[in-house]
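What follows is a single structure, written as structure tokens, with notes after it.
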Amino acid sequence: MRGKFITIEGTEGVGKTTNIEFIQAWLDGKNLPFVCTREPGGTPLAEQIRELLLAPREEVVSSTAELLLIFAGRAQHLHQVIEPVLAEGAWILCDRFTDATYAYQGAGRNMRTDLIAELELLVQGSLRPDLTLILDIPVELGLKRASDRSEPDRFEQEQVEFFERVRQGYLAIAAADPDRCVVIDASLPLEAVQRQISVALEAFWFSSEESG
Ligand code: Z5A
């Protein structure tokens, strides 16, 4: 049987990295074979593309160049990792996927979503995540949490208004696709965040067992 494809999303500093460890422990607890991966990245070539995308630079990066680099990395990641792993019956846990493109490039950079949808179709065909956890917090709180980390990358140098659009982009995706997306209130203490994640995972597990 084909594996399941779980993605985790959110704006800056929502706690994806922190909570991925929790989801990995849940998958282990269910004895499910899985691969944890990320975007941009996930293969040597796609990780090189990630470096190109995140590096701060003086040259202004065109939104179209950024979008095409993201989908180039995604095409390689799908071909090398995601598709074969799912076909073998293992699960994929991916830190960001195409919802990030709709949120960051679509809502954040004001790029046309019909163009993003065309690239999505070209690169992914009909493949979509089975479950997406969208960690949501007020932008200012996320930026505060993230501010203690290393030097800001090219995205982290954006203004608050950019991240507000990204946040609203994610909430619109969740509203449009409630069967796949679960919004998690990530502003709460970690234990409360992980309780919500656990409920979402158990509900998903139950429905995938039911559907065979
Ligand atoms: N990007 C894009 O534009 N288009 C695309 O299609 C894709 C990506 C796929 C890199 O992503 C950039 O790529 C991203 C969008 C763009 N740019 N931005 N911004 P990334 O996922 O690698 O980078 P990131 O967003 O900066 O994620 P991160 O580094 O993994 O951070 P995080 O997961 O959101 O947060 P964290 O490191 O787990 O937590 C931050 C801090 O908060 C940390 O000190 C924690 O201990 C603390 N924390 C976490 N949870 C809590 C709670 N509940 N309470 C209190 N403190 C907490």
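Yes/no matrix, rows are residues, columns are (1) open to solvent by less than 30 Å² (accessible area, probe 1.4 Å); (2) farther than 19 Å from G13 by Cα; (3) outside any helix (DSSP H, G or I):
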position	(1), (2), (3)
L127	yes, yes, yes
I134	yes, no, yes
S150	no, no, yes
Q157	no, no, yes
Every residue from segment 86-122 that is in contact with a strand residue (DSSP E or B) (Cβ under 7 Å, 6 or more places away or on another chain) and either away from the ligand (no atom under 11 Å from the Cβ) or open to solvent by 30 Å² or more (accessible area, probe 1.4 Å) (or both): L86, A90, W91, I92, L93, R96
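One line per residue, one yes/no per condition, for (1) closer than 23 Å to V183 by Cβ; (2) assigned to a loop (DSSP other than H, G, I, E, B):
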| position | (1), (2) |
| --- | --- |
| I6 | yes, no |
| L45 | no, no |
| V61 | no, yes |
| A75 | no, no |
| V81 | no, no |
| V85 | no, no |
Considering each of A174, A146, A192 in turn, give the residue that is more than 9 Å from the ligand (Cβ to nearest atom) and either out of contact with any strand residue (DSSP E or B) (no Cβ under 6 Å at 6 or more places or on another chain) or small (G, A, S) (or both). A174
Given the conditions (1) within 11 Å of the ligand (Cβ to nearest atom); (2) outside any helix (DSSP H, G or I); (3) over 28 Å from M111 (Cα atoms); (4) open to solvent by 50 Å² or more (accessible area, probe 1.4 Å), and given that G212 satisfies all but one, which numbered condition is not satisfied? (1)
Which residue pairs have Cβ atoms closer than 6 Å, lie 6 or more positions apart in sequence or on different chains, and pair a first residue in segment 141-160 that is on the phi < 0 side of the Ramachandran plot with a second residue that is more than 9 Å from the ligand (Cβ to nearest atom)? R154/P56; V160/V139
Cβ-Cβ under 7 Å, sequence separation 6+ or interchain: first residue in segment 11-35 and part of a loop (DSSP other than H, G, I, E, B) and of a type outside the set (V, I, T), partner surrounded by fewer than 18 Cβ atoms within 10 Å (Cβ to Cβ) and at pLDDT 95 or above. Which pairs? K30/W205; P33/A90
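The values are calculated or read from the model by the stated rules, or taken from the named source; none is laboratory data. Bear in mind the structure is a predicted one, so any value in this text is a computation, not a measurement. Here Cβ is always computed from backbone atoms with ideal geometry, including for glycine, and neighbour counts include all displayed protein chains. We work out accessible area using only protein heavy atoms, side chains counted, and drop any ligands, DNA or RNA first. Shrake-Rupley method; radii C 1.70, N 1.55, O 1.52, S 1.80 Å.
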